[in-house]
Amino acid sequence: MSSPNVRRSAICLLAATLLISGCGFKPIAADDGPGALAKKPSINRLSVESEDPRFVYHLRRRISQSVNIGIVGAPNLRAATSISRTGLAISSDDSITRVTLRTATRYRLETSEKAEITAGIAQSTTSLNATTSQFATEISERDAVRRLADETADRLVNIIRLHSAD
């Protein structure tokens, strides 16, 4: 094959690729393609209780990214979370410089007729630095709560996936 033919083939291949990607073509198995609904597990309702509304927000957001919610006939997920805070490192002037956050989430996956599929407790732990700046400590705590919610949500999604394969 001569050099002009190789160049012509490469240009045609590049043009075809750009044309297909420019028209909005998505493979059926793409994350947001037509086959995405079938790949994700489904639940009908998600009920979350916690004393921290930020935790509830992040937990619901993370679960809804991985699970189809509102599918009639799919199981319901109920979760109730408690968050505890413990000072880890205490300096010589009695100020806490390291805090551990722990969650215990009681969950129940049930059919639409309220029959239990599975139930248990998902636990997560993270920690944060407490500084002399109250603003910096508050931002660190918000990030720690988000990490806790994400970890808990990932555990719950795995449980949903495990039991949706049945």
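The values are calculated or read from the model by the stated rules, or taken from the named source; none is laboratory data. For clarity, every value in this text was computed on a predicted model and none was experimentally measured. In this analysis, Cβ positions are derived from the backbone assuming ideal geometry, glycine residues included, and neighbour counts consider all displayed protein chains. Surface accessibility is based on the protein's heavy atoms, side chains included, excluding ligands, DNA and RNA. Shrake-Rupley method; radii C 1.70, N 1.55, O 1.52, S 1.80 Å.
For this structure, a couple of remarks:
- Selection status of Arg60, open to solvent by 30 Å² or more (accessible area, probe 1.4 Å), assigned to a helix (DSSP H, G or I) and either modelled with pLDDT of 75 or more or not β-branched (Val, Ile, Thr) (or both): yes
- Options Ser50, Ser21, Ser9, Ser82; residue that is of a type in the set (Ser, Thr, Tyr) and modelled with pLDDT under 80: Ser21
This table checks each residue for (1) open to solvent by less than 80 Å² (accessible area, probe 1.4 Å); (2) among the polar types (S, T, N, Q); (3) touching a Phe, Trp or Tyr at 6+ places or on another chain (Cβ under 8 Å); (4) closer than 21 Å to Arg142 by Cβ.
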residue: Ser91; (1), (2), (3), (4): yes, yes, no, no
residue: Thr100; (1), (2), (3), (4): yes, yes, no, yes
residue: Thr103; (1), (2), (3), (4): yes, yes, yes, yes
residue: Arg106; (1), (2), (3), (4): no, no, no, no
residue: Ile117; (1), (2), (3), (4): yes, no, no, no
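- So Thr86, is it farther than 13 Å from Ile160 by Cα, of a type outside the set (A, V, I, L, M) and open to solvent by less than 50 Å² (accessible area, probe 1.4 Å): no
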